[in-house]
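A.B. asks: Structure provided below as structure tokens; questions to follow.
Every number in this text was worked out from the coordinates using simple rules, so none of it is lab data. All values derive from a computational prediction rather than experimental measurement. Every residue, glycine among them, receives a Cβ derived from its backbone with ideal geometry; neighbour counts consider all protein chains shown.
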Amino acid sequence: MKSIKFILVAIIVAFSAQLNAQKTVQTASLKVSGNCESCKVRIEKAAKTAGVTTANWSQLTKVLKITFDASKTNIDKVSKAIAAVGHDTEKYKADAKTYNALPGCCKYPRGK
């Protein structure tokens, strides 16, 4: 009887831990300006800040899809990191100096 209680408690604890871990994993999408394969590599590398497990930018749709641990990072931090390497996001614009340093093929049209 003791062993059955122990097994039940262990299962409940393991299940609770699994549910708690799943709550912090989130998936999000954001628009990121860019043009080419070089942009894709740069954007995905910048997006992989601490806590980001996957980052996939589509050259066609200009949308970055990320999976991240919300207890370690958030969309705001990821957006800032991407803007810091020269690519405008929905929330943040890259500064002119960083944008101008991009290779010619990576210079996307910028809104005013």
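A.B. asks: What nm value, rounded to one decimal, do you get for the distance between Lys91 and Thr53 when each label is placed 7 Å out toward the C-beta?
C.D. replies: Roughly 2.1 nm, to one decimal.
A.B. asks: List the trypsin sites (Lys or Arg not before Pro) in the range 49-95 that DSSP assigns to loop (not H, G, I, E or B) and whose Cβ has at most 15 other Cβ atoms within 10 Å. Which are they?
C.D. replies: Those that pass, being in a loop and sparsely packed, are Lys72, Lys91, Lys93.
A.B. asks: Continuing with the same structure: In the structure shown, do any of Lys40/Lys72; Lys48/Lys72; Lys77/Lys107 have a Cα-Cα gap over 20 Å, and if so which?
C.D. replies: On the way: Lys40/Lys72 24 Å; Lys48/Lys72 12 Å; Lys77/Lys107 23 Å.
Too far apart for the 20 Å limit: Lys40/Lys72; Lys77/Lys107.
A.B. asks: Contact order normalised by length for the range 25-106, with contacts defined as Cα pairs under 8 Å and 6 or more residues apart; what percent is it? Can you show the working numbers first?
C.D. replies: Details: 144 pairs, mean separation 27.0, N = 82.
In percent, rounded to a whole number, it is 33.
A.B. asks: Now for a separate question. So what are the range 32-112's ellipsoid semi-axes, whole angstrom, largest first, if each one is the square root of 5 times an eigenvalue of the alpha-carbon gyration tensor?
C.D. replies: Those come to 21, 13, 10 Å.
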